[in-house]
Amino acid sequence: MKRTLLALLLITTLFASFACERRNGGSGTNATDGSGEIIVGYYGDLTGRTASFGTSTKNGVEMAADEINKAGGVMGRPVRVIVEDDQGEPNKAATVVSKLVNQDKVHAVLGEVASSNSLAAAPKAQEARVPMISPSSTNPNVTQVGDYIFRVCFIDPFQGDVMAKFAAKNLNAKRAAILYDFNADYSRGLREFFTRSFKGLGGEIVAEQSYTQGDRDFSGQLTQIRAANPDVIYVPGYYGEVGVISNQSKQLGIKAPLLGGDGWDSPQLWELGGASLDGNYISNHYSVDDPSPAIQKFVADYKARYNILPDALAALGYDSMKVLADAITRAGGTDSVKLREAIAQTKNYAGVTGSISIDKDRNAVKPAVVLKLVWDAAAKAGKFNYDTTIYPEGMTPPATTSAGSPAPAGAASPAAATSPASGSGTNR
Ligand code: PHE
């Protein structure tokens, strides 16, 4: 009996140390880490309230993986993407990431879009020491979960500042109202960062109201906001509610433009908000109008493959997969310690969404674009038109426009940007 117990103990310890070696990255010489398929876990909302986010991102990730595989894989190893639907729910996001890292033994995780989902799932990747790259979660807390958590997008203190500056300087706004999504970390963060910057620029917040995802009647909040007579209304929410809010604000006779963030970016926004969205502005990660050859090639390839223009989610999903592949090459394989280090070292990676350098907090420092929402009544379709690029402090704009800066004469001129040649009439 004693002997069997001892034997059992020995076996368990052996197994445990094997598992440990794999998890800690070990020497990088075992089969899972050194050769064979590179297994990437992707998780996102494919069927829930933010399904267009997860779907676009998945498209971008899969297109990038296919391109990599057609070119011979990463150091000769093919990439396989395992996709998980979290239905846009934080607890499900945590569950599927647990499954990806513990059961599927993925080498890296890509996801989520909505910050609350990334925040819930990131501890699972961190505990397992599997690098996670969020393509598009912008709340600063996401990468603070741990040293294995990265993102390839800018963060919300910057995004909130971008819209506050645009409101104060470009729109000359003095009085802003805010209508935000109470349960979303993303929205609560942007409310705070916009407020700080707007006040710093001499502006005043004259009304503040909130809602929760799934709400369909915003007339109470909008009536209060109307009474405060704001110049602009900041609505840092997701497209599903924002489309309805836009409609109801017009019905209540509100003339002030609505300002938003990347969370508005969905073809479905136009289905919900239609003509009421005309004249509003958002901050975002890139513009399909950017004439740089790399972006136009990406836009054309994506359109040929999916028959729709790529939104920012698709572009960021694509970039996250490419940045991961680049890091695996520099790491010389998928050893998790080396891979984590290589992702952290990413410098000036030429992505579709701009040049990607990972800073000490594991965030990308990049410019943002402001896009104007334009409704084409004849075509019954809307479009996000390029307006301006705003750079983070200390980053100088490139001298030429070909390096990823969307500052072309064509895209900046409203006449050219609304012509069918630049993609207007495509419902995205
Ligand atoms: N930044 C949003 C968040 O953190 C997600 C998002 C990114 C949505 C890009 C649309 C486009 O929740």
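The values are calculated or read from the model by the stated rules, or taken from the named source; none is laboratory data. These numbers come from a predicted model, not from an experiment. Here the Cβ is made from the backbone with ideal geometry for all residues, glycine too, and neighbour counts use every protein chain on show.
What the table shows:
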quantity: The listed residue being at pLDDT 85 or above and surrounded by fewer than 16 Cβ atoms within 10 Å (Cβ to Cβ), out of ALA403, ALA421, ALA350; calculated: ALA350
quantity: Selected residue [outside the structural domain of ILE133 (by TED's automatic domain parsing) and either charged (D, E, K, R) or farther than 25 Å from VAL83 by Cα (or both)] from LYS297, LYS383; calculated: LYS383
quantity: Helices (runs of 4 or more DSSP H) completely within the range 241-341 that count 1 or more residues being modelled with pLDDT of 95 or more and within 15 Å of the ligand (Cβ to nearest atom); calculated: 267-273, 312-331
quantity: Residue in the range 100-119 that is part of a helix (DSSP H, G or I), surrounded by fewer than 23 Cβ atoms within 10 Å (Cβ to Cβ) and in contact with a strand residue (DSSP E or B) (Cβ under 8 Å, 6 or more places away or on another chain) present; calculated: no
quantity: Matching option when the condition is under 29 Å from ILE82 (Cα atoms), small (Gly, Ala, Ser) and touching a residue at least 40 places away in the same chain (Cβ under 8 Å), among ALA173, ALA121; calculated: ALA121
quantity: Residues (surrounded by fewer than 18 Cβ atoms within 10 Å (Cβ to Cβ) and aromatic (Phe, Trp, Tyr)) located in the range 171-197; calculated: PHE182
quantity: Answer from ALA315, ALA331, ALA304, ALA294 - the residue that is free of Cβ contacts under 8 Å to residues at least 40 places away in the same chain and closer than 19 Å to GLU67 by Cβ; calculated: ALA304
quantity: Residue list for the range 48-95, filter: of a type outside the set (Asp, Glu), in contact with a Ser or Thr (Cβ under 9 Å, 6 or more places away or on another chain) and part of a loop (DSSP other than H, G, I, E, B); calculated: THR50, MET75, GLY76, GLN87, GLY88
quantity: SER283 vs. criteria within 30 Å of GLU67 (Cα to Cα), buried (at least 22 other Cβ atoms within 10 Å of the Cβ), touching a helix residue (DSSP H, G or I) at 6+ places or on another chain (Cβ under 6 Å) and of a type outside the set (Asp, Glu); calculated: yes
quantity: The range 145-184, residues that are within 30 Å of ALA342 (Cα to Cα) and aromatic (Phe, Trp, Tyr); calculated: TYR148, PHE150, PHE154, PHE158
